[in-house]
1. Can we say residue 55 is closer than 26 Å to residue 252 by Cα and modelled with pLDDT of 70 or more?
2. Could you grab me the full set of residues in region 143-171 that are open to solvent by 90 Å² or more (accessible area, probe 1.4 Å) and aliphatic (A, V, I, L, M)?
3. Only residues that are open to solvent by less than 30 Å² (accessible area, probe 1.4 Å) and within 30 Å of residue 70 (Cβ to Cβ): list them for region 270-313, please.
4. Give 174, 139 a once-over and let me know the one that is modelled with pLDDT of 85 or more, open to solvent by less than 80 Å² (accessible area, probe 1.4 Å) and among the hydrophobic types (A, V, I, L, M, F, W, C).
5. Looking at (1) surrounded by 17 or more Cβ atoms within 10 Å (Cβ to Cβ); (2) under 20 Å from the mean Cα position of the chain (by Cα), which is the only condition residue 188 fails?
6. Pairs, please: C-beta under 7 Å, at least 6 apart or cross-chain, first residue in a loop (DSSP other than H, G, I, E, B) and in region 174-193, second of a type in the set (D, E, K, R) and open to solvent by 40 Å² or more (accessible area, probe 1.4 Å)?
7. I'd like to check which helices (runs of 4 or more DSSP H) are fully inside region 233-300 and have at least 2 residues that are under 30 Å from residue 185 (Cα atoms).
8. Quick check on region 9-27. Is at least one of its residues aromatic (Phe, Trp, Tyr), at pLDDT 80 or above and open to solvent by 70 Å² or more (accessible area, probe 1.4 Å)?
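The values are calculated or read from the model by the stated rules, or taken from the named source; none is laboratory data. Since this is a predicted model, take the numbers as computed values, not measurements. A quick note on method: Cβ atoms are made from the backbone with ideal geometry, for glycine too, and the neighbour counts reach across all protein chains shown. SASA here: full protein model, heavy atoms, side chains in, ligands and nucleic acids out. Shrake-Rupley method; radii C 1.70, N 1.55, O 1.52, S 1.80 Å.
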Amino acid sequence: MCGPNTQLFSQVLLIIYFFTLSCATNITIGDQVVKVCQLADNITDPDVQQEHWYCNRHFLIPVVNMVLIFPLIWVRNISTFSYVSIFSVFAVFYIVAATIADFYKLKPHVTEEIMFPDIGMMPIMQFLPVFTLGFQCHMTSVPLYYELNNRSVKRYSFVILIASFLVFILYMLMGVYGLKTFGPDVNPDILLDYEAKDELMTIARVCLSGSIIGCYPIFAYLGRGAFEDTVIQVADKAGRQLERNSELRRALTLLIWHALAIGVALITASLGKVLAFVGSIAALFMLFFPGYMLWIESKNGNIGYKVSGSIMMFLGIFTFLWTIGFNAYSIYKSP
């Protein structure tokens, strides 16, 4: 529908998108496992933690990845991880419930001004990519549609509406109670703000880590598939015929993918910057490409499609460029 060049461009973006998600997964796992290690070793002082090398994220990230994740990335069928979605739903509900419970347990004193700050447009634009990342779901919409029993557009629309509503409520509760508990300086990874000895949050960290460990092989599988298609398509343009599903290429891709994802996680301490970058690409998938397809469909004479598609393409490109520029400026200004 969009042509081979647009397809190639979207596949390159998919590679970057899933690779960055793999890096964010490693960062999250490392941060949460560090807290669990602190609890197991009864560490409360950060200076003492530095003396315990086995509780350092630079040690734990490679170890956890090689022991728990590396064997899973070789799975050939991602339907093996269908159970992960059920566990992930439980983990999300538990983390939100634990955050609310901890707020009332800690009873923090937060003023009205901190709870409802006059944030202006700049912070809203700064966190717009995180919003697009959180509500991006259409990449799995086609497989989801075919998983429905007695599928129809009406039934599918109802499922999407209920799921989006639940996601919105959970995000809102997590954001409101995180802000009420820790104020405007709340960490992008809110679980890091809780002490290692907090029992409720220790269970939450284990749930989050288990869910993410199950998601990582899916990211690697989809990213490798996009890379495979890209390599074959580029080779076809160059007049060369490559064997599809080559075992050697598959092994090399997964090894390099995994090694680079671990390396990026080790040198990147801020999950927020990674999520912002992923969100900028998510804005293209969420806004630009659907808008582009509407714009193509408008050639049949539908003016509404043309206007809607043009607006969506503009918003997608604007969000992408804004986020890239803002992050580059922040890195340049940071000491």
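1. Considered against the rule, which asks whether it is closer than 26 Å to residue 252 by Cα and modelled with pLDDT of 70 or more, residue 55 comes out as no.
2. Across region 143-171, the qualifying residues are 153, 161.
3. Answer for region 270-313, where residues must be open to solvent by less than 30 Å² (accessible area, probe 1.4 Å) and within 30 Å of residue 70 (Cβ to Cβ): 271, 272, 274, 276, 278, 279, 280, 281, 282, 285.
4. 174
5. With respect to (1) surrounded by 17 or more Cβ atoms within 10 Å (Cβ to Cβ); (2) under 20 Å from the mean Cα position of the chain (by Cα), residue 188 is out only on (1).
6. Filtered contacts from region 174-193: 186/193; 187/193.
7. 247-267, 271-283
8. Checked region 9-27: at least one residue is aromatic (Phe, Trp, Tyr), at pLDDT 80 or above and open to solvent by 70 Å² or more (accessible area, probe 1.4 Å).
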